[in-house]
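Encoded as structure tokens, the structure appears first; notes follow it.
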Amino acid sequence: MANSPEKLLRRVACATMLLVCATPLRADPVKITSGTVETETGIGAAIIEMHGADFFLKTGGDFTAPIRLCQPCPDGTVTTLDGTYSLSNRGGSLTWNGVTYQDPSFYGRGLFTTGDIVVAGSGQFTIETPFQFTGFLDVYGFGESLNPLFTLQLRGIGTALATFRELTDLGEKLHLLPSDRGLRYRFEASQVSPVPEPSSVLLIATGLAGLAVRRWRKGGQHKAEISD
């Protein structure tokens, strides 16, 4: 028995509901496409500057990195350039959705994850390795500490850079991460395809419905021609 357009539309509607339910109903994370996070000591203060689509953040925070645990690092040490910053302060500047907030209150965290590196070289040298970044940012109004104005999820990729200098006067080949911004995370544009929004899924489903009706009409026309 040929399917009627009503049956075809019902099937498409059911498929649409499954797609919409399977799609997370949340705002897309802010993709950080440029900027840097620099730390002068590897554990301590960090200078944070991030750029994205209609997004700009400049502030300071606290920073920790496991690389500091081996300072100075023996030649051949296997470690990572993982790092974490935390924000719990007022100050800096934020632009989001065309609105600029001067000296807002922030709360947030960010995590940089890298693969293993080997600390080995001579003199002064720099090790580079890719990183993935995830974080969040709560933004509060003046005098408010309980309910944020909004929360942003942050995502990004880039290159982590650590500059070491060799210590030669200790009887062993050791490498020290200098305090002058020796650890830096440089953001780069991401090519990751975004997850379709629910509205996009509905548009796709509408197109499928149109194709289903068109197919049914062609099938009916073909049968009519055969009967003639």
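Readers should treat all values here as calculations from the given coordinates under stated rules, not as data from a laboratory. Everything quoted here is computed from the prediction, not taken from an experiment. When we count neighbours, we look across all protein chains shown, and the Cβ atoms used for this are built from the backbone with ideal geometry, even at glycine.
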Per-residue counts of other Cβ atoms within 10 Å, averaged by peptide: what ranking do you get for 91-97, 64-70, highest first? 64-70, 91-97
Between residue 173 and residue 150, what length comes free when the chain is fully extended (0.36 nm per residue of separation minus the Cα-Cα distance, one decimal in nm)? 3.3 nm
Which distance in nm do the two modelled labels at residue 28 and residue 116 give, with both placed 7 Å along the Cα-to-Cβ direction? 3.7 nm
Any chance you could run the full-extension gain for residue 88 through residue 56? It's 0.36 nm times the residue separation minus the Cα-Cα distance, nm to one decimal. 9.7 nm
FRET efficiency for residue 103 and residue 125 from the Cβ-Cβ distance with R0 = 41 Å, rounded to 0.05, comes out at 0.55
By average C-beta atoms within 10 angstrom, highest first, the peptides 152-159, 100-107: 152-159, 100-107
